[in-house]
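The values are calculated or read from the model by the stated rules, or taken from the named source; none is laboratory data. Keep in mind that this is a model prediction, so the values were computed, not measured. Cβ placement follows ideal geometry from the backbone for every residue including glycine, while neighbour counts extend to all protein chains displayed. Accessible surface is based on the protein model in full, side chains and every heavy atom, while ligands, DNA and RNA are left aside. Shrake-Rupley method; radii C 1.70, N 1.55, O 1.52, S 1.80 Å.
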Amino acid sequence: MNRLFMIIHSPFERNEVETLCTLVKRGDGILFIKSGVYINSYPNFPGSLNISEIKIYGLEEDLEARGINAVSY
């Protein structure tokens, strides 16, 4: 992995996702933690990102705490 980005805020609170999409390149990874795990319900993600070229992670404890199924993540 080249770089690892961490998103901790809900995509509905801040514009981190739009900024992230301009920075992430092939071989990078994204770790969604805390309220960032709500990315699975954000309609504009992944936008123009080719997510087959990056690694996506979600912290299991944060997913469980928010009632999100890790398998569908």
(message) Rounded to the nearest percent, how much of the accessible area of the chain (1.4 Å probe, protein heavy atoms only) is carbon and sulfur?
(response) 51 percent
(request) Using amide H atoms built 1.01 Å from N in the peptide plane, name the residues 5+ places from H9, or on other chains, whose amide H lies under 5 Å from its own. (result) G36
(request) About the Cα centre of the chain, how large is the charge dipole given +1 on each Lys and Arg Cβ and -1 on each Asp and Glu Cβ? Please answer in debye to the nearest 20. (result) 220 debye
(request) Work out how much length R14 to K55 would gain on full extension: take 0.36 nm times their residue separation and subtract the Cα-Cα distance, in nm to one decimal. (result) 12.6 nm
(request) In Å and from the alpha-carbon atoms only, list the Rg and Dmax of the chain. (result) 11.4, 31
(request) Between E53, E13, E61, find the one with the highest GNM mean-square fluctuation for the chain; connect C-alpha pairs within less than 10 Å. (result) E13
(message) Please give me the summed charge of the neighbours of F12: other residues whose Cβ is under 15 Å from its Cβ, Lys and Arg +1, Asp and Glu -1.
(response) 0
(request) Send over a whole-number figure in Å² for the accessible area per residue of the chain, probe 1.4 Å. (result) 64 Å²
